[in-house]
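Okay, structure first, notes after.
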Amino acid sequence: MTQQIIFSILAIAIALFSVLAVTSKRIIRSAIYLLFVLLATAGLFLMLNYHFLFAVQVTVYAGGIMVLFIMAIFLTHKPGKIMERRTNLKLILSMLLSSGGLVLCGYIILRNVTRTYNYLKVSEMNMQDIGHAMMGTGKYQFLLPFEAISLLLLTCIIGAIMIARKEKNIETNDNKDLDHQ
Amino acid sequence: MGELIVNTSGGAPIPLTAYLIVSLIMFFAGIYGFFTRKNLILILISIELILNSVDINFAAFNRYLFPDRMEGLFYALFVIAISACETAVAIAIVINVYRKFGNTEVDNIQQMKN
């Protein structure tokens, strides 16, 4: 019973705040609603007994990505400004499209997921098992994707620095020319 | 379709469908925002909503259908890492766009090179 109450609180929070995050008029409010959605999702992971995923969600998403978003908003906007929107026709069309998709997929889920599951009453998943599965090279173990992700992170750091730095190529070329002369 | 297996434990307090419906609402909210927003950062926020809803699906399917395996857990972890990468690069691009055009509306960006 307690679990059902907590789940319904989290579900209502997710539904409400994710709709608010895409309809809010002020950009900083959208970011804060997104933060609430991410934290409620972390709560859902906790209800599924995935404690490691909960910790990753809170630290990476709610910690790292939200700081990136908020810093980007502060760098490029006046946070209280009211945002422009698409015209009315496009607004109605995309609302029809997304609610139609919601109804269709909801119907499919409610009709077809009759396959019942075995929800074992296991306690918390062992951290040692997660570590072994992440660092092993055998079947059902994930060392190669883990290393690929680390390379991808490195590439993204370099790429982000390359894209976001100020271009001073022209000046440096001029300086070099002056030096040569 | 309509495959019916008897619930072996009877201990699941919340049905799998509830998780799927929650992530479905989040997904289509993200789709709606992706279509209606004009601002690059808000489009990025919508994409984060979509990715996050997929994470919920991975974790819930893994927990309910194959509770002794960890594939869904690791897929969710890798999706989180990849979305962190994607956000970092995209925000670098947004800042660069702001530097060139003075705001971050998508309608301004009509040519890749100026």
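With each label modelled as a point 7 angstrom along the Cα→C-beta vector, the residue A:59-residue A:158 pair spans 2.5 nm.
Charge tally around residue A:44: other residues with Cβ under 15 Å, Lys/Arg +1 each, Asp/Glu -1 each, net 0.
Each stretch of four or more DSSP H residues adds -39500 (n - 2.57); spread over every residue of chain B, this sum gives -24500 deg cm²/dmol at 222 nm.
Unpaired Cys in the protein assembly as shown, meaning no second Cys C-beta under 4.7 Å: A:105. In whole angstrom, how far apart do the alpha carbon centroids of segment B:11-64 and segment A:14-43 sit? Cα centroid to Cα centroid, the span is 12 Å. Based on Cα contacts under 8 Å between residues 6+ apart, chain B shows a relative contact order of 25 percent. Net charge around residue A:132, counting only other residues with Cβ within less than 15 Å of its Cβ (Lys, Arg = +1; Asp, Glu = -1)? Neighbour charge sum, excluding residue A:132 itself: -1.
At a 10 Å Cβ-Cβ cut-off, how would you order A:111, B:37, fewest neighbours first? Let's see the in-between values first.
Numbers: A:111 10, B:37 25.
With the fewest neighbours first, A:111, B:37 line up as A:111, B:37.
State, to one decimal in nm, how far the label point of residue A:128 lies from the label point of residue A:67, with both points 7 Å from Cα in the Cβ direction. Placing both labels 7 Å beyond Cα along the Cβ direction yields 3.3 nm.
Using the beta-carbon distance between residue A:8 and residue A:105 and R0 = 30 Å, what value does 1/(1 + (r/R0)^6) give for FRET efficiency, to the nearest 0.05?
Working: r = 21 Å, r/R0 = 0.69.
Step by step, r from the Cβ atoms, then E = 0.90.
Measuring nothing but how far apart in sequence close Cα pairs (under 8 Å, 6+ apart) lie, relative to its length, segment A:1-158 scores a relative contact order of 18 percent. Can you figure out the FRET efficiency of residue A:150 with residue B:79, using R₀ = 22 Å and their beta-carbon distance, to the nearest 0.05? According to the calculation, E is roughly 0.90.
Put simply, the C-alpha atoms of segment A:49-99 give a gyration tensor, and the ellipsoid matching it has half-axes of 31, 21, 6 Å, longest first.
The mean count of C-beta atoms from other chains within 10 Å of the C-beta of residues in B:37-47, rounded to a whole number, is 6.
Taking a ≥ b ≥ c as the square roots of the eigenvalues of the Cα gyration tensor, the protein assembly as shown is oblate, since a/c reaches 1.5 or more and a/b is not larger than b/c. The relative contact order of segment A:21-87, computed from alpha carbon pairs under 8 Å that lie at least 6 residues apart in sequence, is 43 percent.
Work through the residues other than residue A:21 whose Cβ is under 10 Å from its Cβ and net out their charges, Lys, Arg +1 and Asp, Glu -1.
Details: positive: A:29; negative: B:48.
Computed value for this residue: 0.
Return A:90, B:100 ranked ascending by Cβ neighbour count within 10 Å, so the fewest neighbours appear first.
Values: A:90 12, B:100 9.
Ascending number of Cβ neighbours within 10 Å: B:100, A:90.
With a 10 Å cut-off around each Cβ of A:21-27, the average count of Cβ atoms from other chains is 5.
Values in this text are rule-based calculations from the coordinates and carry no lab data. The shown structure was predicted, so the numbers you read here are calculated from the model rather than taken from an experiment. Counting neighbours? That spans all protein chains shown, and the Cβs are built from the backbone with ideal geometry, glycine included.
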